[in-house]
1. Given the conditions (1) surrounded by 21 or more Cβ atoms within 10 Å (Cβ to Cβ); (2) in contact with a strand residue (DSSP E or B) (Cβ under 6 Å, 6 or more places away or on another chain), report the number of the one that residue 135 does not fulfil.
2. Name the residue, out of 79, 13, that is at positive phi, crowded, with 24+ Cβ neighbours inside 10 Å and in contact with a helix residue (DSSP H, G or I) (Cβ under 7 Å, 6 or more places away or on another chain).
3. Could you check the range 219-249 and list, in sequence order, the residues that are under 14 Å from the mean Cα position of the chain (by Cα) and either more than 21 Å from residue 150 (Cα to Cα) or not assigned by TED's automatic domain parsing to the domain that holds residue 29 (or both)?
4. Just one of the numbered conditions (1) under 27 Å from residue 125 (Cβ atoms); (2) without any contact (Cβ under 8 Å) to a residue 60 or more places away in the chain; (3) in contact with a strand residue (DSSP E or B) (Cβ under 6 Å, 6 or more places away or on another chain); (4) in a helix (DSSP H, G or I) is not true of residue 87; which one?
5. State whether one or more residues within the range 251-274 are closer than 30 Å to residue 29 by Cβ and under 28 Å from the mean Cα position of the chain (by Cα).
6. Checking the conditions here, which among 273, 255, 264 is modelled with pLDDT of 95 or more and either farther than 30 Å from residue 1 by Cβ or not assigned by TED's automatic domain parsing to the domain that holds residue 174 (or both)?
7. Would you check if residue 65 is surrounded by fewer than 19 Cβ atoms within 10 Å (Cβ to Cβ), within 18 Å of residue 225 (Cα to Cα), in the same structural domain as residue 217 (by TED's automatic domain parsing) and in contact with a strand residue (DSSP E or B) (Cβ under 7 Å, 6 or more places away or on another chain)?
């Protein structure tokens with residue numbers, strides 16, 4: 001008995017890296033999988049379904065069930081086609097992992113509109129395009145689990161990734177809304193902030209300087225299996241960070257009790273006077289009251 005026996009999973013960006021690791025692990029745990037990948041380099045140019053097909057071939061060679069999908073998930077038609085393949089070939093859509101993404105890093109002062117639009121289209125709009133048909137099906141068929149991929153670049157920030165961080169922050173916000181809207185339909189929503197050494201991240205300074213500290217895709221995949229399986233119970237609306245340096249941990253926004261001003265008649269100077277009630281101190285942050 002596998003953890004995902006009888007389940008059907010859709011995974012985007014699954015032709016390599018993290019998505020490939022998720023797909024193969026899910027298949028070994030009994031799930032039938034739709035392997036989506038547009039193909040091509042990490043900047044989003046080009047298209048080649050052979051990447052997805054190679055993963056499918058490997059799964060089938062091990063006795064698993066899988067089908068390849070090469071759609072562009074940043075379009076409504078592409079998102080619909082991924083869902084349609086799940087229904088056509090396997091009859092269900094129990095699990096969705098939104099993993100597809102590209103990188104076009106630029107410092108903000110040098111940022112171009114074209115790069116901004118492309119990154120947000122693939123990451124944020126792509127998550128919307130794939131999730132909506134799946135969410136609608138889950139709402140009418142007893143629920144399911146959706147994992148959306150964010151990043152510490154969006155939750156905390158990272159130099160040179162204004163487009164990527166904005167998209168990933170938006171995905172976190174979308175997940176929070178979906179968790180609220182999906183709760184009564186038994187649709188569980190997770191957000192994942194992974195830190196892994198893949199072709200997307202291989203030339204980032206932190207991995208060049210200390211590659212042994214990074215997890216590979218297979219070091220992230222067990223956390224995603226936990227999220228989508230019965231091991232995680234009825235948990236929803238949570239964010240897991242998974243990386244070599246920090247391990248596996250929940251990340252969340254924190255707020256202090258704050259200072260409650262009168263409805264009118266207060267001044268900006270009052271914030272300075274009540275700063276200890278409003279802002280976290282360095283000691284509080286060290287004790288675990290992190291921003292996320």
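The values are calculated or read from the model by the stated rules, or taken from the named source; none is laboratory data. Everything numeric here is computed off the predicted structure, so don't read it as measured data. Positions of Cβ are generated from backbone atoms using ideal geometry, with glycine treated the same way; all protein chains shown enter the neighbour counts.
1. With respect to (1) surrounded by 21 or more Cβ atoms within 10 Å (Cβ to Cβ); (2) in contact with a strand residue (DSSP E or B) (Cβ under 6 Å, 6 or more places away or on another chain), residue 135 is out only on (2).
2. Numbers: 79 fails: at positive phi.
Sole residue among the options that is at positive phi, crowded, with 24+ Cβ neighbours inside 10 Å and in contact with a helix residue (DSSP H, G or I) (Cβ under 7 Å, 6 or more places away or on another chain): 13.
3. Of everything in the range 219-249, nothing turns out to be under 14 Å from the mean Cα position of the chain (by Cα) and either more than 21 Å from residue 150 (Cα to Cα) or not assigned by TED's automatic domain parsing to the domain that holds residue 29 (or both).
4. Unmet for residue 87, out of (1) under 27 Å from residue 125 (Cβ atoms); (2) without any contact (Cβ under 8 Å) to a residue 60 or more places away in the chain; (3) in contact with a strand residue (DSSP E or B) (Cβ under 6 Å, 6 or more places away or on another chain); (4) in a helix (DSSP H, G or I): (3).
5. Quick first cut of the range 251-274, residues closer than 30 Å to residue 29 by Cβ only: 251-252.
Right, trim to under 28 Å from the mean Cα position of the chain (by Cα) and you get 251-252.
Looking for residues that are closer than 30 Å to residue 29 by Cβ and under 28 Å from the mean Cα position of the chain (by Cα), one finds at least one in the range 251-274, hence yes.
6. Working: 255 fails: modelled with pLDDT of 95 or more; 264 fails: modelled with pLDDT of 95 or more.
Only one candidate qualifies: 273.
7. Working: surrounded by fewer than 19 Cβ atoms within 10 Å (Cβ to Cβ): yes; within 18 Å of residue 225 (Cα to Cα): yes; in the same structural domain as residue 217 (by TED's automatic domain parsing): yes; in contact with a strand residue (DSSP E or B) (Cβ under 7 Å, 6 or more places away or on another chain): yes.
Spelling it out, residue 65 is indeed surrounded by fewer than 19 Cβ atoms within 10 Å (Cβ to Cβ), within 18 Å of residue 225 (Cα to Cα), in the same structural domain as residue 217 (by TED's automatic domain parsing) and in contact with a strand residue (DSSP E or B) (Cβ under 7 Å, 6 or more places away or on another chain).
This table checks each residue for (1) out of contact with any helix residue (DSSP H, G or I) (no Cβ under 6 Å at 6 or more places or on another chain); (2) at pLDDT below 95; (3) not in a loop (DSSP other than H, G, I, E, B).
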residue	(1), (2), (3)
184	yes, no, yes
191	no, no, yes
227	yes, no, yes
236	no, no, no
